[in-house]
């Protein structure tokens, strides 16, 4: 499914924790890993050869870590900005997945994998797996670790029934084919859109959308899922997605992301990026075809 994964790294200790989550991709078919470090020097590519020797030992150590996990690994040092270089190299390497880390609001800002991760998402033409990095307090000290497990354990799929969400659902089907048994299907009846003028039609909307979710449920069961749950809450999308993710202890959230050039209010645009920032578990964002 994800034969080749491209991993964005800033060579920080935080990015090492992203690497610790990579074995969870092996059941999803990942066999090759491409480590990419972007120097971020933009129009100064001519000094790349001066900077590269300083980062090569750190990148080589991370490559060795990935190889020890059982992957065939390669590494790339790119001159430009991570936002553009990660997506360029992913296309060049024929990757099927981009992996980045996200520190939320609690980790040091100097890591690549915060605001830059959002930029990578914004331009991505491939599915992006965002690994949430969290702070753990132990023996009076703070340390960072990746929030990851078996990605197949319990998948939460969020849909607005758009074309992009339908494309994201095909990945859920593939994850089920790879062994996932438990899936929660979620559609939020957006209170902000319905409350003022359409509240009297909520029952009608629920009936239509439950039938849509049941069709998705049937498809997943045909692909091998044994426990598929439907959630159809009335509320605010971001809050409801996070509430259910925390309540159900999911291992992975899958959503569509419309990406650049679309209206910001579309459900799986700004909402998906807010979920990435705040979700307690990894998020797989699937972009629209462009």
Quiz item: In square nanometres, what is one fourth of the surface area of the convex hull spanned by the alpha carbons of segment 155-287?
Solution: 7.6
Quiz item: Fully extended, how many nm does the chain gain between residue 125 and residue 200 (0.36 nm per residue separation, minus their Cα-Cα distance)?
Solution: 23.1 nm
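Readers should treat all values here as calculations from the given coordinates under stated rules, not as data from a laboratory. Every value quoted in this text rests on a predicted model; they were computed, and no experiment measured them.
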